[in-house]
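K.L.:
Handing you a structure now.
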C-alpha cells in the first residue's frame with residue numbers, strides 16, 4: 001500500500017457564539033451569524049465540535065440538526081438534543097464549516113448561542129486493506145506544542161453485513177504507549193491491520209503529521 005499521510009491541527013480558537021449569536025423566539029432554523037460566519041456559513045481552520053449553549057430556558061425537548069462539511073469537504077450533518085437551562089450540549093463529530101442549523105419544535109425557549117470547542121480535533125480516518133499483509137508502519141511527527149494519541153478500530157461503517165454507525169464506532173488507544181499522550185516524534189507499527197486508524201489531539205496549539213504504510217500488496 002502506498003504511504004498515507006494525514007494531518008491533525010493546528011488548533012482553532014473556541015467561541016461561545018462563533019456560529020450563532022444569541023437567538024430566541026419562533027422559527028425552524030437558526031441564523032449563522034456568529035463571529036466565525038461569513039455570508040451565512042461559519043468557517044473553522046481545523047475540525048471542531050459544535051456546542052449549543054442555553055443561556056436561559058429549557059430546550060431539551062428540541063432536536064437541533066447541524067449541517068455543514070467535514071474535513072476534506074464531504075457534506076456532513078448531526079442531530080443532537082438541545083440543552084437544559086444554563087447548560088450546553090455538543091456534537092460527537094467534528095465540522096470544518098456549518099451552513100445551516102434546523103430545529104424540530106418551531107421555536108427556542110429563552111436564549112441560546114451556538115459555538116465551537118477549541119480542543120476536539122481528529123485526523124481523517126485511514127483505511128487499511130484487510131486482504132493485504134497486516135504489518136503497518138507508523139510515523140508521527142509533532143510540530144509545536146501538542147499532546148496526541150493514535151487510535152484504531154475494527155468497526156466498519158461501510159460493511160456490507162455488519163455496518164456500524166459512524167457515531168457509534170469504538171476507538172481504542174494504540175497498544176504502544178509511546179503513541180498515547182505523545183508529545184514528540186514517534187515510529188511504531190501495527191502487527192495486525194485494524195479497519196481504520198486516526199490521530200487525535202488531546203491538547204496544545206501545534207499539529208501532527210502521521211504516515212501509515214501497510215506492507216505488500218494483495219496476493220494474486
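None of the figures in this text is laboratory data; all of them are computed from the coordinates on show. These numbers were taken from a predicted model, which means no experiment stands behind them. In this analysis, Cβ positions are derived from the backbone assuming ideal geometry, glycine residues included, and neighbour counts consider all displayed protein chains.
K.L.:
Stretched out fully, how many nm does the piece from residue 205 to residue 105 gain, at 0.36 nm a residue minus the Cα gap?
P.N.:
Once the chain is fully extended between residue 205 and residue 105, it gains 32.1 nm.
K.L.:
Can you tell me the FRET efficiency between residue 4 and residue 79 if r is taken as the Cβ-Cβ distance and R0 is 25 Å, rounded to the nearest 0.05?
P.N.:
According to the calculation, E is roughly 0.20.
K.L.:
Then there's this: Which whole-number percent gives the relative contact order of the chain, counting Cα pairs below 8 Å spaced six or more residues apart?
P.N.:
28
K.L.:
Give the residues of the stretch 102-126 whose amide nitrogen is closer than 14 Å to a point set 7 Å from the Cα of residue 167 in the direction of its Cβ.
P.N.:
Counting only backbone N, you get 102, 104.
K.L.:
Let me ask something else. Hey, fewest Cβ within 10 Å first, where do 2, 92 land in order?
P.N.:
Least to most surrounded, the residues fall as 2, 92.
K.L.:
Continuing with this model, one more query. Would you list 126, 23 from fewest to most Cβ contacts within 10 Å?
P.N.:
23, 126
K.L.:
Considering only C-alpha atoms, what is the centroid distance from the stretch 136-185 to the stretch 93-114, in Å?
P.N.:
Computed from Cα coordinates, the inter-centre distance equals 29 Å.
K.L.:
I've got another one for you. With a ≥ b ≥ c taken as the square roots of the eigenvalues of the C-alpha gyration tensor of the stretch 143-220, please select rounded if a/c is under 1.5 and otherwise prolate if a/b is larger than b/c or oblate if it is not?
P.N.:
Oblate is the answer for the stretch 143-220, as a/c is 1.5 or above yet b/c matches or exceeds a/b.
K.L.:
Starting with the fewest neighbours, write out 117, 167, 30 ranked by other beta-carbon atoms found within 10 Å of each beta-carbon.
P.N.:
Ascending number of Cβ neighbours within 10 Å: 167, 117, 30.
K.L.:
Points 7 angstrom from Cα along the Cβ direction at residue 213 and residue 177: gap in nanometres?
P.N.:
That separation, rounded to one decimal, is 2.8 nm.
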